[in-house]
Amino acid sequence: MANVSQPLQPPGMHLATRGKYVTPLFLLAPLLAFLLVFYVTPFAFMVQESFRHSALDGDPSTGVTLHQYLKTWTSSRIGRVMERTFRMSILTVMLTLVISYPIALLLLRLRPTLKTAILVIIFISLASSLIVRNYGWVVVLADRGALNVLLQSIGVITEPIRLLFSETAIVIGLVHFSIPFMVLPIYSSLLRQPSSWSEASLSLGGSHWRTFCSITLPLSLPGVFGGTILTFALSMSAYVTPLMLGSPSSSMISQVAAEQLLTQLNFPYGAAIIVTLTIITFAIVAAYATVLRKVFRADV
């Protein structure tokens with residue numbers, strides 16, 4: 001019986017197949033190295049520190065312990081601050097999404113010149129200093145600031161409203177900071193949608209609202225997911241904005257961790273708070289992604 005030979009492959013096909021996998025890894029190598037050096041390694045040291053005993057607890061023993069995590073989870077103060085941080089972060093995400101989605105839709109329909117101008121403004125906002133922007137909100141939200149003066153001049157209020165150094169001021173600052181991180185992913189997702197699909201829906205008798213709900217919004221969910229995740233993560237870990245626009249009664253969890261690390265010098269306890277915050281944030285993100293995949297069938 002004649003041997004059945006394998007079909008001959010063109011020369012170089014094996015190298016091309018190998019290159020298909022090698023090239024992405026080669027391109028990702030600098031990013032992976034950066035993340036390893038500046039994120040993974042410091043976080044690993046933080047995790048290691050969180051399992052140590054603290055001299056401030058009056059326990060001179062050494063070795064691995066869960067005491068810092070038990071203290072974190074049983075602390076009523078940590079519980080209140082964590083609840084406040086989560087609540088303000090969710091509110092920030094919702095307000096940022098409500099503001100940013102119409103901006104992304106507007107960018108899709110504007111003339112190129114005006115679209116470029118708005119994108120330049122967004123990028124300038126990203127490049128400007130967070131501290132400078134927060135000082136701007138201090139001027140606007142002060143008791144005799146621009147907003148209170150405006151509201152009094154048009155007769156909406158008779159006395160200045162206490163806006164600065166409150167949860168309201170923190171949310172305003174976080175929303176202002178997060179808008180570019182929400183607009184750009186949504187706009188990128190909308191930009192990839194074939195315009196012929198929406199046109200087909202309208203030509204078949206569908207209203208603009210039904211077209212938006214049935215086609216535009218579902219197809220833009222990957223961008224919404226990216227924007228909301230970025231906004232939520234930035235809000236949960238915010239430190240500068242709550243410090244400048246808030247007060248001790250409206251402190252967020254990052255401020256409590258910084259207090260333990262920089263003021264009390266209780267490094268194991270501060271590390272445990274940070275690790276706990278990271279785990280909770282990743283768990284919420286994973287649950288959110290699962291809901292979008294299973295319930296809304298989004299490709300995220």
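What follows is calculated from the coordinates using simple rules that are stated; it is not laboratory data. What you are looking at is a predicted structure, and each value in this text was computed from that prediction instead of being measured. Backbone-built Cβ (ideal geometry, glycine too); neighbour counts: all protein chains shown.
Out of 90, 131, 78, 118, which single residue is farther than 26 Å from residue 257 by Cα, touching a helix residue (DSSP H, G or I) at 6+ places or on another chain (Cβ under 8 Å) and either of a type outside the set (Val, Ile, Thr) or assigned to a helix (DSSP H, G or I) (or both)? Spell out the reasoning first.
On the way: 90 fails: farther than 26 Å from residue 257 by Cα; 131 fails: farther than 26 Å from residue 257 by Cα; 78 fails: farther than 26 Å from residue 257 by Cα.
Of 90, 131, 78, 118, the one residue that is farther than 26 Å from residue 257 by Cα, touching a helix residue (DSSP H, G or I) at 6+ places or on another chain (Cβ under 8 Å) and either of a type outside the set (Val, Ile, Thr) or assigned to a helix (DSSP H, G or I) (or both) is 118.
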Scan the range 181-230 for residues that are among the aromatic types (Phe, Trp, Tyr), free of Cβ contacts under 8 Å to residues at least 40 places away in the same chain and either touching a helix residue (DSSP H, G or I) at 6+ places or on another chain (Cβ under 8 Å) or surrounded by 14 or more Cβ atoms within 10 Å (Cβ to Cβ) (or both) and jot them down.
197, 212
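Given 87, 77, which one is in contact (Cβ under 8 Å) with a residue 40 or more places away in the chain, charged (D, E, K, R) and surrounded by fewer than 17 Cβ atoms within 10 Å (Cβ to Cβ)? Let's see the steps before the verdict.
On the way: 87 fails: in contact (Cβ under 8 Å) with a residue 40 or more places away in the chain.
When all the criteria are applied, what remains is 77.
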Using beta carbons and a limit of 6 Å, which pairs, at least six apart or on different chains, have the first residue in the range 22-38 and at positive phi and the second one part of a helix (DSSP H, G or I) and surrounded by 11 or more Cβ atoms within 10 Å (Cβ to Cβ)?
none
Does residue 233 qualify as being closer than 26 Å to residue 86 by Cβ, of a type outside the set (Phe, Trp, Tyr) and outside any loop (DSSP other than H, G, I, E, B)?
yes
